[in-house]
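*Asks:* This is the structure I want to talk about, given as structure tokens.
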Amino acid sequence: MTTLTINGSRRQIDLPSDTPLLWVLRDTLGLTGTKFGCGISMCGACTVHADGEPVRSCVTPISAVAGKQIVTIEAIGQDETGRQVQEAWLSVNVPQCGYCQPGQIMSATALLKQNPSPSDADIDKAMSGNLCRCGTYPRIRAAIKQVAGAQEVES
């Protein structure tokens, strides 16, 4: 039995400790916002936060996140930065097909929480593990910069 805290709720998970977090989220808990992309940590579609750090849930065993605060796309809007990122995504019209966007939003939120005024190089580095087959990278960058500008004004 593994105890996980997901989106603020403690859950007892009766699965092998090497079960990928992604399968617990999607198949056991019904949190389908986190997407399966590649299964080998190369595309970023499965990105969630564990204690505020972006992790690829497709390759993260539940034993590695026991005792950590896990946040998924379903709850990221409860965080002020996460809410701002989601609003910027809509404002800039980032999504095209939308499949990769939960992972993109999770990575962008983690970046902005760690670095409220990222440079282009910072954005490139933080977002490099998130692939978008539709090529919305310029809009993703614009949304991140929009939030960074809003955070600078609020400070």
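*Asks:* Please determine whether any residue of segment 134-150 is at positive phi and of a type outside the set (Ser, Thr, Tyr).
*Replies:* There is at least one residue in segment 134-150 that is at positive phi and of a type outside the set (Ser, Thr, Tyr).
*Asks:* Let me ask you something else. Take the residues in segment 1-53 that are among the charged types (D, E, K, R) and touching a residue at least 40 places away in the same chain (Cβ under 8 Å), then tell me which one is farthest from CYS100 (Cα to Cα).
*Replies:* ASP18
*Asks:* Note down all Cβ pairs under 9 Å where the first residue falls in segment 118-138 and is closer than 13 Å to CYS100 by Cα, the second is among the aromatic types (Phe, Trp, Tyr) and surrounded by 12 or more Cβ atoms within 10 Å (Cβ to Cβ), and they're at least six residues apart or on different chains.
*Replies:* Here the result reads MET127/TYR137; CYS132/TYR99; ARG133/TYR99; CYS134/TYR99, each pair linking segment 118-138 to a residue that is among the aromatic types (Phe, Trp, Tyr) and surrounded by 12 or more Cβ atoms within 10 Å (Cβ to Cβ).
*Asks:* Hey, among VAL85, VAL65, which residue is crowded, with 21+ Cβ neighbours inside 10 Å, within 25 Å of ASP14 (Cα to Cα) and out of contact with any Phe, Trp or Tyr (no Cβ under 9 Å at 6 or more places or on another chain)?
*Replies:* The match here is VAL65.
To keep it simple, each residue is scored yes or no on (1) loosely packed, with under 15 Cβ neighbours inside 10 Å; (2) of a type outside the set (A, V, I, L, M); (3) not assigned by TED's automatic domain parsing to the domain that holds ASN130.
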site	(1), (2), (3)
GLY8	yes, yes, yes
ASP14	yes, yes, yes
LEU31	no, no, yes
SER41	no, yes, yes
GLY52	yes, yes, yes
THR60	no, yes, yes
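*Asks:* Next question, about the same structure. Would you mind listing the strands (runs of 3 or more DSSP E) fully within segment 1-58 where at least 1 residues are of a type in the set (S, T, N, Q) and within 12 Å of the chain's Cα centre (by Cα)?
*Replies:* 47-50
Here is a yes/no grid of residues against (1) modelled with pLDDT under 95; (2) closer than 25 Å to LEU31 by Cβ; (3) not assigned by TED's automatic domain parsing to the domain that holds VAL55:
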{"position": "SER91", "(1), (2), (3)": "no, no, yes"}
{"position": "TYR99", "(1), (2), (3)": "yes, yes, yes"}
{"position": "GLN114", "(1), (2), (3)": "no, yes, yes"}
{"position": "SER117", "(1), (2), (3)": "no, no, yes"}
{"position": "THR136", "(1), (2), (3)": "yes, yes, yes"}
{"position": "ALA143", "(1), (2), (3)": "no, yes, yes"}
{"position": "ALA150", "(1), (2), (3)": "yes, no, yes"}
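The values are calculated or read from the model by the stated rules, or taken from the named source; none is laboratory data. Only a predicted model underlies this, so the values are computations on that prediction, with no experimental measurement involved. A quick note on method: Cβ atoms are made from the backbone with ideal geometry, for glycine too, and the neighbour counts reach across all protein chains shown.
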